[in-house]
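Input: a single structure, listed below in structure tokens.
The values are calculated or read from the model by the stated rules, or taken from the named source; none is laboratory data. The shown structure was predicted, so the numbers you read here are calculated from the model rather than taken from an experiment. For neighbour counting, all protein chains shown are included, and Cβ atoms are generated from backbone atoms with ideal geometry for every residue, glycine included. Surface accessibility is based on the protein's heavy atoms, side chains included, excluding ligands, DNA and RNA. Shrake-Rupley method; radii C 1.70, N 1.55, O 1.52, S 1.80 Å.
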Amino acid sequence: STRVRVLAVDAEPAGAALLEGLLRPSFEVLVARTSSEAIAILEAHSDVAVIVASDLEGEVDALALLTICAERFPDTRRVVMTTSDCPHFLRKAINNSQVQHLATRPVNPELLHPAVEKLAGDFLHARSERRLARSSQGATGDRDGSLANKDRLTGLYNHRSFQERFREEISRAQRYAQDISILYVDIDNFGALNRSAGFRCGDEILQKFATILQADHEAVRSSDLASRFGGQEFVVMLPETDKAGATIKAERLRNSISSAILPGGCSVTVSIGVATFPEDATTAGELLEEAVQALRRAKELGRDRVFACGQDEDQRRDLDIPNVHTTLFPTFHDRMGDLVYGLERDRRMSCLYVDLSRLRRIEREFGIAQHNQLLARAGQMLGEMRGAGLRREDLLCRTDDADGYLCFLSPPRTKEGAPLDLQLLVNRITEALDEGLTEAMRGLTRDRPQIAVGMGRVLSNPMIRGERLIHRLVDETKSAASLEWQRQSKIQKVELQELIIQGQLRTAFQPLVDLDTGDAFAFEALTRGPSNSTLNSPAALFSVADAVDLTLELDRACFGTALQNAKGCQPVHRLFLNLLPASFYDAHFIEVQVVDLLDKAGLTPANLVFEITEKLAIENFSAFRQALTRYTDMGFGVAVDDVGTRHSNLEAVMALQPHFIKLSEILCRGVTTSTVKREMVRSLVRIAGAVDAVTVAEGIEDLEDLMTLRDLGVRFGQGYFLARPDFCFPRVLEEAAMAIQARPQRSRATGSVELQAEIVDEPSDEAA
């Protein structure tokens with residue numbers, strides 16, 4: 001059979017039949033009634049992708065069975081179905097049996113089926129990677145190369161091995177409704193180059209070309225697959241990439257190759273055809289053919305360009321690509337003729353370089369689409385400045401590395417007979433982009449965009465080629481931007497140092513509210529800079545501190561200021577304060593300085609909860625936990641922050657065993673309308689119970705989310721709906737307190753059972 005195998009283990013005939021009926025449409029389902037039957041099936045079928053075991057008394061001990069599977073059949077993915085809320089059971093499931101998914105009974109098809117599909121896809125992908133690795137190793141002894149997976153000249157995958165992997169990826173994309181794109185790349189005029197430079201040089205160029213394909217991580221990811229199809233033709237497969245993303249990657253690749261210096265001092269251009277599954281084709285063969293047709297169209301339009309399948313040349317600017325950066329702005333190479341002409345005509349040329357390279361962290365963390373939207377927004381703002389700072393005749397170009405913009409200034413730049421102050425223009429551009437991009441980034445990160453603008457000028461020189469002078473001008477402006485970064489960094493460092501020395505930090509407090517009673521249980525301390533400073537927000541403070549290596553100093557100052565301002569805190573309340581993990585290795589700081597500050601504030605260690613954000617790098621959980629135990633024995637509390645984001649994982653929760661687990665605002669916001677978020681919260685509440693911790697929901701902004709989180713078992717909450725931060729200890733808003741008190745209190749003993757019954761009847765909604 002070509003279908004993926006799944007093993008369902010259930011001692012009850014009705015339960016086994018239910019699982020089989022649920023999974024049969026998508027998988028070949030094998031059924032076992034006992035643990036011994038299940039192990040026998042796994043020994044007979046090495047290709048079982050997923051085992052789903054029900055936790056029942058009697059014939060099947062699900063965790064014991066899955067523990068054996070983890071040891072003897074580690075490739076098979078493991079799912080346990082249970083009604084148990086026992087902390088001991090959850091701990092064993094995570095630590096011993098290493099289950100990849102915990103499902104509730106009775107079965108909810110809308111949750112279980114997608115989970116099994118994802119795990120099966122992971123199994124197939126891992127098996128495909130191992131098969132390719134084995135094939136590659138086995139081919140090394142093949143003398144004629146007919147069975148080798150790699151092209152002998154370039155070291156890239158050859159046509160045959162690429163086709164095998166390509167068909168597997170198409171099947172996977174079809175199963176999970178994902179996009180997959182193809183770049184068909186051809187070196188322009190390579191035949192003529194071969195004849196003029198010689199075939200040996202041609203081979204060296206092909207080898208260099210392959211190196212660029214593998215080394216250019218901005219265009220080709222480690223998960224992508226590059227192949228030589230023969231001659232000067234190459235194909236790049238981009239899994240989970242739509243046409244917009246593929247076109248952007250193709251443009252980056254084209255720019256990298258056109259600007260590269262190749263053997264023999266040669267330079268080449270490439271034409272690239274782009275096609276996407278399932279938009280352009282439904283099979284692997286059809287998709288390759290569509291990419292070939294797109295490549296031919298790129299050649300017909302003059303070479304050295306990217307053409308996407310289904311695109312007319314007149315529609316280039318109207319494609320639904322969230323990247324004005326690559327579609328509306330040419331590179332300065334594209335306008336080199338105009339630039340050289342302007343330099344020779346005016347005998348000088350000035351240029352500004354807008355450096356947006358710090359936005360690469362957005363691409364790494366949130367993906368190409370979000371990064372492109374920010375670049376497009378920056379380009380749009382620069383375009384809007386024409387006539388208001390920039391002249392309409394100024395030429396805006398993008399950089400080759402997609403990290404900024406170049407603005408070539410048209411003369412004369414005068415104001416009432418005097419030269420225009422270029423530094424003033426630089427400041428205006430920096431301020432406008434900083435404000436606009438900060439707003440655009442608000443939903444992604446609290447960091448500021450960090451923009452630098454460099455300026456330069458070059459004079460014409462009849463003894464030097466104009467193209468070389470333009471390149472010199474671009475390099476000069478980039479160097480100026482780098483110097484501007486250093487200048488800004490020194491200014492910000494001095495400003496931050498003065499702020500810490502002068503004690504200008506302020507502390508706002510936000511209550512953590514008991515979702516059963518509406519009363520404030522604790523307060524979180526939130527640091528602010530001076531109100532009239534660019535370092536007012538905590539995001540700006542710590543962004544600068546990270547850049548100038550003052551993070552620990554700022555953290556200590558924030559901590560001390562918060563305790564100095566906590567004198568109004570009642571002994572019945574707890575105080576949540578953020579502290580860097582590194583500080584826990586400084587026993588003198590916590591045992592002497594912190595205790596002294598608490599004493600002056602009229603508080604004890606029992607009032608203080610250390611809030612730890614796992615993204616700040618706890619490299620050795622064992623050593624950190626050992627240091628932490630010393631302080632918890634003194635009475636201090638511990639909370640793990642931002643649980644439910646990309647920065648947190650269950651390892652931190654299980655290793656640190658905190659008193660509080662703070663669910664991130666990203667997870668909590670919109671939980672009412674997202675099945676996925678509700679299930680994540682439900683699971684985290686159960687895990688919190690397993691480590692004897694309580695959950696705190698952050699970012700509650702409306703009554704519906706508050707009540708949903710409360711019904712899911714979350715104990716405490718904070719957010720603007722409950723109370724905004726204030727420099728005195730604020731009260732819980734009356735509207736929120738009355739809404740909480742109007743609802744009957746939950747039954748701690750029966751809440752989890754009621755929730756399980758609720759989810760079966762829950763209407764399906766879109767995942768967030």
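Structure above, values below:
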quantity: Odd one out for E476, checked against (1) at pLDDT 90 or above; (2) more than 36 Å from the chain's Cα centre (by Cα); calculated: (2)
quantity: Restricting segment 65-86 to residues that are open to solvent by 10 Å² or more (accessible area, probe 1.4 Å), at pLDDT 85 or above and hydrophobic (A, V, I, L, M, F, W, C), the residue that is farthest from E117 (Cα to Cα); calculated: I68
quantity: Residue list for segment 295-351, restricted to those being aliphatic (A, V, I, L, M), modelled with pLDDT of 70 or more and within 30 Å of R465 (Cα to Cα); calculated: L301, V306, M336, L339, V340, L343, M349
quantity: Residue within segment 36-45 that is without any contact (Cβ under 8 Å) to a residue 60 or more places away in the chain and polar (S, T, N, Q) present; calculated: yes
quantity: Residues located in segment 507-561, provided they are surrounded by fewer than 20 Cβ atoms within 10 Å (Cβ to Cβ), over 24 Å from A582 (Cα atoms) and of a type in the set (S, T, N, Q); calculated: T517, S531, N532, S533, T534, N536
quantity: Search result, residues across segment 563-616 that are in contact with a Phe, Trp or Tyr (Cβ under 7 Å, 6 or more places away or on another chain), assigned to a helix (DSSP H, G or I), of a type outside the set (F, W, Y) and surrounded by 21 or more Cβ atoms within 10 Å (Cβ to Cβ); calculated: I590
quantity: Candidate set: segment 231-262, residues that are part of a strand (DSSP E or B) and within 17 Å of N189 (Cβ to Cβ); chosen: the one modelled with the highest pLDDT; calculated: F234
quantity: Sole residue being of a type in the set (G, A, S), open to solvent by 50 Å² or more (accessible area, probe 1.4 Å) and over 17 Å from N189 (Cβ atoms), chosen from G285, G265; calculated: G285
quantity: Some residue of segment 28-47 being open to solvent by less than 20 Å² (accessible area, probe 1.4 Å) and in contact with a Ser or Thr (Cβ under 8 Å, 6 or more places away or on another chain); calculated: yes
quantity: In segment 464-506, the residues that are in contact with a helix residue (DSSP H, G or I) (Cβ under 7 Å, 6 or more places away or on another chain), open to solvent by less than 70 Å² (accessible area, probe 1.4 Å) and within 22 Å of N427 (Cβ to Cβ); calculated: S489, Q492, L496
quantity: Condition met for S482 (within 22 Å of D334 (Cβ to Cβ) and either modelled with pLDDT of 90 or more or hydroxyl-bearing (S, T, Y) (or both)); calculated: no
quantity: S622 under 17 Å from G637 (Cα atoms), out of contact with any Lys or Arg (no Cβ under 6 Å at 6 or more places or on another chain) and among the hydroxyl-bearing types (S, T, Y); calculated: no
quantity: Number of positions in segment 184-223 that are modelled with pLDDT under 80, closer than 16 Å to I261 by Cα and not in a helix (DSSP H, G or I); calculated: 1
quantity: Qualifying helices (runs of 4 or more DSSP H) (wholly inside segment 649-730; at least 2 residues being surrounded by fewer than 23 Cβ atoms within 10 Å (Cβ to Cβ) and not acidic (D, E)); calculated: 650-656, 675-690, 703-711
quantity: Cβ-Cβ under 9 Å pairs, at least 6 apart or on other chains, segment 96-117 side crowded, with 16+ Cβ neighbours inside 10 Å, far side among the aromatic types (F, W, Y) and at pLDDT 80 or above; calculated: V116/F27; E117/F27
quantity: Candidate set: segment 551-596, residues that are among the polar types (S, T, N, Q) and under 30 Å from the mean Cα position of the chain (by Cα); chosen: the one nearest to P511 (Cα to Cα); calculated: N578
quantity: Checking V453 against (1) modelled with pLDDT of 90 or more; (2) surrounded by fewer than 20 Cβ atoms within 10 Å (Cβ to Cβ), the condition it does not meet; calculated: (2)
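Conditions tested, residue by residue: (1) out of contact with any strand residue (DSSP E or B) (no Cβ under 7 Å at 6 or more places or on another chain); (2) at pLDDT below 85; (3) over 25 Å from F523 (Cβ atoms).
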position: A582; (1), (2), (3): yes, yes, no
position: L597; (1), (2), (3): yes, no, no
position: V609; (1), (2), (3): no, no, no
position: R625; (1), (2), (3): yes, yes, yes
position: T645; (1), (2), (3): yes, yes, no
position: M654; (1), (2), (3): yes, yes, yes
position: F660; (1), (2), (3): no, no, no
position: T673; (1), (2), (3): yes, no, yes
position: M680; (1), (2), (3): yes, no, yes
